[in-house]
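This report concerns only the one structure given below.
The values are calculated or read from the model by the stated rules, or taken from the named source; none is laboratory data. Computed from a prediction, not measured in an experiment: that's the story for all the values here. When we count neighbours, we look across all protein chains shown, and the Cβ atoms used for this are built from the backbone with ideal geometry, even at glycine.
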Amino acid sequence: MNSKDRVKTALSLNEPDRVPIFATLTNPVAEKVGEYLSLNTSVKPAFLADRVSHTKILLELGNDCVGISASYPTDNPIEEIDEGRRRDEWGIIYERRGPYWEAVGRPLDDISHEEDLLDYNLPSPDAPGRFRDARESARKYGDEYALVASIECTMFELAWSLVGFDKFLTDLAIGKRYTRKLLDGVAEYNVECGKRLIELGADLIWTGDDFGTQEGMLISPDLWREVFKPRYEYVFAELKKKNEEIPVAYHSCGSIRPIIDDLVEIGLDVLNPIQPLARNMDLAELKTEYGNELGFFGGVDIQRILPNGSPKDVRDEVKRCIKAAAEGGGYLLAPAHNIQADTPLRNIIELFNSIKDFGSYPIVK
């Protein structure tokens, strides 16, 4: 069974030969691991580059998946404004802060009314070069590895990134009409990108927006149900129209237990990332409650164990996740986010070694 078959079997809620794995790396980590493996880093020109970059390094480590996504177009690439600052095609300005680029300028930070959106043109899925890198990855890796197509920041995160977090949440709560129209526009862009990625051979479509904190939700479940639930139902349904067999994953960091039933109701197939230190997001409990309906993708603690634990702690964490969620299939093991810069190399190597050591079926409890 190759990696592609392994992932597809697991996500169909059946048992493959072993638990598959899909990790992603931040650039500082990729540089460290690349030096160890004598491989160069490869950063893709994409909005969420960490999800789709460093493919050769990750496959050498043992990944079963390859990330693909839309790229910045050839006629509107990232613009270097001055030293340490850049602007992307959405008009968001980023500033270099340590190893990361942080958004500091918002193109819609003074928006008040629906009519104000007439002066703002959302990027087009049909822009030249949009799927150049995705097409190449699909051609090169699609026969052997599962292609995971990321359209994360599907609506909420990208919308507030354009406006500003505090302002957008305030305007959303008081019902300003532009917030709904902007969400619809961003969602439509990502749906169209998702359809193109499905056409290229995606095996899993990865949607998502963060609605959770460590202790609970960023907005009330009732507001989420009013504004976002029908929009995600539309997104999931449109993607399934393109390929009714493709599993749809949804990413939200933090504690989102109150809306999991809603996500299942509107057609979700795979929940990600199951942040283990967030309230009421215990992987074993979720598997018991939803394992006949949902697959699970994630679960490995990046807040405490990967950065601060010993290799033995990492092995124990991998075993914990496998015992919690792997029996019967339906589990794609992964860190609960991109592996961060504070993670020791030895723990990254141990993560991949442990899945090989303990992930074979039948699972030993």
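Give just the number: which of (1) closer than 30 Å to ILE348 by Cβ; (2) of a type in the set (Ser, Thr, Tyr); (3) in contact with a helix residue (DSSP H, G or I) (Cβ under 8 Å, 6 or more places away or on another chain) does TYR100 not satisfy? That leaves (3) as the condition not met. Of the candidates LEU197, LEU204, LEU172, LEU239, the single residue that is in contact with a helix residue (DSSP H, G or I) (Cβ under 7 Å, 6 or more places away or on another chain), closer than 26 Å to ASP119 by Cβ, modelled with pLDDT of 95 or more and not small (Gly, Ala, Ser) is LEU172. Taking the range 46-92 as the range and being in contact (Cβ under 8 Å) with a residue 40 or more places away in the chain and either part of a strand (DSSP E or B) or polar (S, T, N, Q) (or both) as the test, the residues that pass are THR55, ASN63, CYS65, VAL66, GLY67, ILE68, SER69, SER71, THR74, ASN76.
Pairing residues of the range 246-274 that are at negative phi and surrounded by fewer than 24 Cβ atoms within 10 Å (Cβ to Cβ) with residues that are of a type in the set (Asp, Glu) and in a helix (DSSP H, G or I), at Cβ distances under 7 Å and at least 6 apart in sequence or on separate chains, gives ILE266/GLU233. For the range 298-315, the count of residues that are closer than 23 Å to ALA10 by Cα, surrounded by fewer than 16 Cβ atoms within 10 Å (Cβ to Cβ), modelled with pLDDT of 95 or more and among the small types (Gly, Ala, Ser) is zero.
In the range 55-66, the condition of being farther than 30 Å from LEU345 by Cβ and surrounded by fewer than 22 Cβ atoms within 10 Å (Cβ to Cβ) is met by no residue. Checking THR343 against (1) surrounded by 16 or more Cβ atoms within 10 Å (Cβ to Cβ); (2) among the polar types (S, T, N, Q); (3) assigned to a helix (DSSP H, G or I), only one condition comes out false. Which one? Failing condition for THR343: (3). Of the helices (runs of 4 or more DSSP H) lying entirely inside the range 93-184, those containing at least 2 residues that are among the hydrophobic types (A, V, I, L, M, F, W, C) and more than 20 Å from the chain's Cα centre (by Cα) span 165-174. Considering every residue within the range 215-228, establish whether at least one is under 19 Å from the mean Cα position of the chain (by Cα), at pLDDT 95 or above and on the phi > 0 side of the Ramachandran plot. No, the range 215-228 contains no residue that is under 19 Å from the mean Cα position of the chain (by Cα), at pLDDT 95 or above and on the phi > 0 side of the Ramachandran plot. The set of residues from the range 1-43 being crowded, with 23+ Cβ neighbours inside 10 Å and not hydrophobic (A, V, I, L, M, F, W, C) comprises PRO16, PRO20, THR24.
Among the residues making up the range 227-250, those that are over 23 Å from THR170 (Cα atoms), of a type outside the set (Phe, Trp, Tyr) and not in a loop (DSSP other than H, G, I, E, B) are GLU233, VAL235, ALA237, GLU238, LEU239, LYS240, LYS241, LYS242, VAL248, ALA249. When SER42 is tested against the conditions (1) closer than 23 Å to VAL148 by Cα; (2) at pLDDT 95 or above, the lone failure is (2).
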